[in-house]
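Visitor: If you scroll down you'll find the structure; I have some questions about it.
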Amino acid sequence: MQPSTHDHQRCIENALHTAERLCRERGVRLTPLRKKVLELVWADHRAVKAYDLLESLGDARKAAKPPTVYRALDFLAEQGLIHRVESLNAFIGCNRSGNRHPSLLFICRLCGDVEEHPAPEVMRALAGEAEEAGFQPEHQTIELIGTCAHCAKRRG
């Protein structure tokens, strides 16, 4: 869970600004629906499921059927703007947007927050193990499920 001094609105604004800039630089379209889906993914630091996004779209929902939302999510993931949280079948905003990169995700089973960490040493070790085995990874995400520091402190 994020500390009470956390300005989450700033997270959302930064994510949208970064998305607009990256899409413009890459010559791809950040359509109004894609932008809205990204904003909804960033609405919280908890992972969000596609069908929850569909419900949250409100008036835009008439035009947004499940395949439309999944296409928007696929686009945002391809652009490196969000991550898929496999264990939850859900999505979170990427705090290091711009390119595909290995990710270590800490998932709190109590509050539901998901935090992304770069963990370069862990990822180098994992890449070394893959290389030694002759395995060529296409994507690296490690998900750890447990209790965040805030929830652990609250539990005493």
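What follows is calculated from the coordinates using simple rules that are stated; it is not laboratory data. Since this is a predicted model, take the numbers as computed values, not measurements. So basically every Cβ, Gly included, is an ideal-geometry build from the backbone, and we count neighbours across all protein chains shown.
Visitor: Which one, Pro66, Ala149, Phe135, projects farthest toward the positive side of the charge dipole computed for the chain from Cβ point charges (K/R +1, D/E -1)?
Guide: Value computed over the given set: Pro66.
Visitor: How large is log10 of I(q)/I(0) for the chain at q = 0.09, 0.12, 0.18, 0.21 Å⁻¹ when the intensity is taken from the Debye formula with one equal scatterer per alpha-carbon?
Guide: -0.32, -0.56, -1.15, -1.39
Visitor: May I ask you to list the GluC sites (Glu not before Pro) in segment 70-139 that are in a DSSP loop and have at most 10 other Cβ atoms within 10 Å of their Cβ?
Guide: Filter output for segment 70-139: Glu138.
Visitor: Assigning unit charges at the beta carbon (Lys, Arg +1; Asp, Glu -1) and nothing else, what dipole magnitude in debye, to the nearest 20, does segment 8-155 show about its Cα centre?
Guide: In debye, rounded to 20, segment 8-155 gives about 660.
Visitor: Which trypsin sites (Lys or Arg not before Pro) does segment 69-131 hold that lie in a coil by DSSP with at most 13 other beta carbons within 10 Å?
Guide: Answer in residue order: Arg96, Arg109.
Visitor: Using label points projected 7 Å from each Cα along Cα→Cβ, tell me how many nm separate Asp7 and Thr31, to one decimal.
Guide: Distance between label points: 3.3 nm.
Visitor: Would you calculate, for the chain, the mean residue ellipticity at 222 nm contributed by helices, counting each DSSP H stretch of 4 or more residues as -39,500 (n - 2.57) and dividing by all residues, to the nearest 500?
Guide: Theoretical 222 nm ellipticity from helices: -13500 deg cm²/dmol.
Visitor: Separate question: Between His17 and Ala77, take the C-beta separation as r, use R0 = 25 Å, and let me know the FRET efficiency to the nearest 0.05.
Guide: Taking R0 as 25 Å, the efficiency between His17 and Ala77 is 0.85.
Visitor: If you place +1 on the Cβ of every Lys and Arg, -1 on the Cβ of every Asp and Glu, and leave all else neutral, what size is the dipole of segment 77-156 about its Cα centre, to the nearest 20 Debye?
Guide: About 520 debye.
Visitor: Right, next: Restricting to the chain, compute how many DSSP beta bridges are antiparallel as a %, nearest 5.
Guide: Roughly 60 percent of the beta bridges in the chain run antiparallel, per DSSP.
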